[in-house]
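Each value in this text was obtained by applying a stated rule to the coordinates, not by laboratory testing. These numbers come from a predicted model, not from an experiment. Here the Cβ positions follow ideal geometry from the backbone for every residue, glycine too, while neighbour counts run over all protein chains shown.
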Amino acid sequence: MFRDSKFISRSPDVMGGTVAFTNTRVPVQTLLDYLKDGESIDGFPTVTRDQVIYFLDEIA
C-alpha cells in the first residue's frame, strides 16, 4: 500500500507496528476517521499537511 518514507512509517517499537505518520504517534486510520467526521488536520498539530497529502496520493 505504501512505502515507509519520511511521511508514513510502521515500526514494532512505535504503537505496536500501527501505520502512523512519521515522527508522530498519530495512526493514519485515526486521522482518516477524524477527517471523515468533517474535522480538519488542525486537530493533529504533529502531522503536517505534506504528510497527509503524501498518504492520500499513495492510496488514490
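Values computed for the structure shown
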| item | result |
| --- | --- |
| Estimated 222 nm signal from helices in the chain, with DSSP H stretches of n ≥ 4 weighted -39500 (n - 2.57), rounded to 500 | -10000 deg cm²/dmol |
| Inverse mean reciprocal Cα-Cα distance (Kirkwood Rh) of the chain, Å | 11.6 |
| Rough spin-label spacing in nm, given labels placed 7 Å along Cα→Cβ, for Met15 and Leu32 | 1.2 |
| Dipole moment magnitude, nearest 20 debye, the chain about Cα centre, only Lys, Arg, Asp, Glu C-beta charged | 160 |
| Length released on extending from Ser5 to Ala60, taking residue separation times 0.36 nm less the Cα-Cα span | 18.1 nm |
| Leading residue at positive end of dipole, segment 8-59 (Cβ point charges), from Phe44, Thr22, Leu56 | Thr22 |
| Phi to ³J(HN,Hα) by Karplus 6.51 cos²θ - 1.76 cosθ + 1.60 over segment 16-28, Hz, x for Gly, Pro | x, x, 5, 5, 9, 6, 4, 6, 9, 10, 9, x, 4 |
| Karplus-derived HN-Hα couplings along segment 36-47 (A = 6.51, B = -1.76, C = 1.60, θ = phi - 60°), whole Hz, x at Gly and Pro | 4, 7, x, 7, 9, 6, 4, x, 10, x, 7, 9 |
